[in-house]
Amino acid sequence: MSRGFGVALGLLIGLAMPTVATASAFLWKVSGPGGQTLYLGGSWHALRSTDYPLPSAFSNALDASTKLALEVDPDEMRAADKSLMKAGQYVSGDSLKNHVDPRTYNYIRRLFGLLNVPEEKIVRYRPWFISLILQSPSLRGMSPSLGVEKFLVQHARAKSKRIVGLETAREHADVFLGLSDRESEALLLLTFIPADRGSPDFSRVMNAWRNGDAELPWHVTHDGFRDFPSLGQRILEARNRRWIPKIESYLHSGQTYFVVVGAAHMGGPEGLLALLKARGYKIEQL
């Protein structure tokens, strides 16, 4: 079976990228019939210092825009971090053992035992939160403080550009909070399943981003959820569809927005590019 979840989740939380010269960026200009304009870019949420400089098209799009729109307003997201951590824990008297298969529980217990993490410390967390812990960018030497959004936020604030979110922090968190026990356990288990040898390796996926290939990042992410398509729908396609009305409102606002979301949201038949094109907007890669 093809399981690219390790790469897939990396596309959502960010991975390191080699420097490759390219004529196309992971960035598009979206135009409406009345001359409305919006810039749409795919991001990596965590990077290394060696991944800089970013393609100049990102800075150019920000300069040409009056507002920056991210998945979530960064100020709101910071304020919600503690709430997300609290939501990732079971209430007193409950534990992981009551919500997952005994085999899953024993595997997690042994894994964290090898890491010298006491069983009583880890079992208080829900499976989806343990998955986030295990997929932390810091474990790969990457930092959200070096991610594409962080770079753009710093420059937008320096130029007094307003920053908004496509979804609230609560809506963002609900991607995980609304998971059933089975879905939450599946998300955790997928973390441990390696990709097939035939799956694209990290460097190839990163090169795809540098070369503006929207389909490969989407394909790898989508393939990672092949056996649990409801998770893929929840994390990607459902959010894409919810974002479209807001993106269209940006196009008709009289302002020029630069919308930046995770790279895996762009490609595929239900990606942002396809959804906008189906609504009659002109899509031009920069």
Legend entry - Gly224 at positive phi and either among the small types (Gly, Ala, Ser) or open to solvent by 10 Å² or more (accessible area, probe 1.4 Å) (or both): no
Legend entry - Which numbered condition Lys161 misses (of (1) of a type in the set (Lys, Arg); (2) modelled with pLDDT under 90; (3) open to solvent by less than 70 Å² (accessible area, probe 1.4 Å)): (2)
Inset, instruction - Residue by residue through the range 81-122, note down the ones that are surrounded by 14 or more Cβ atoms within 10 Å (Cβ to Cβ) and hydroxyl-bearing (Ser, Thr, Tyr). - result: Tyr90, Ser95, Thr104, Tyr105, Tyr107
Inset, instruction - Test Arg78 against the criterion of being farther than 30 Å from Phe26 by Cβ and either open to solvent by 80 Å² or more (accessible area, probe 1.4 Å) or in contact with a His (Cβ under 6 Å, 6 or more places away or on another chain) (or both), and give yes or no. - result: no
Legend entry - From the options Leu54, Leu70, residue that is within 20 Å of the chain's Cα centre (by Cα), modelled with pLDDT of 85 or more and more than 17 Å from Glu171 (Cβ to Cβ): Leu54
Inset, instruction - Would you mind telling me which numbered condition in (1) over 23 Å from Asn60 (Cβ atoms); (2) in contact with a Ser or Thr (Cβ under 9 Å, 6 or more places away or on another chain) Leu231 fails? - result: (2)
Legend entry - Single match in Val175, Val153, Val123 (criterion: among the hydrophobic types (A, V, I, L, M, F, W, C) and over 30 Å from Ile247 (Cα atoms)): Val123
Inset, instruction - Tell me which of these Glu149 doesn't satisfy, since it passes every other one: (1) touching a His at 6+ places or on another chain (Cβ under 9 Å); (2) open to solvent by 70 Å² or more (accessible area, probe 1.4 Å). - result: (2)
Inset, instruction - Give just the number: which of (1) touching a helix residue (DSSP H, G or I) at 6+ places or on another chain (Cβ under 7 Å); (2) open to solvent by 20 Å² or more (accessible area, probe 1.4 Å); (3) under 21 Å from Trp44 (Cα atoms); (4) of a type outside the set (Phe, Trp, Tyr) does Ala208 not satisfy? - result: (2)
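The values are calculated or read from the model by the stated rules, or taken from the named source; none is laboratory data. What you see is a predicted model; the values in this text were computed from it and never measured. So basically every Cβ, Gly included, is an ideal-geometry build from the backbone, and we count neighbours across all protein chains shown. Side chains included, ligands, DNA and RNA excluded: accessible areas come from the protein's heavy atoms. Shrake-Rupley method; radii C 1.70, N 1.55, O 1.52, S 1.80 Å.
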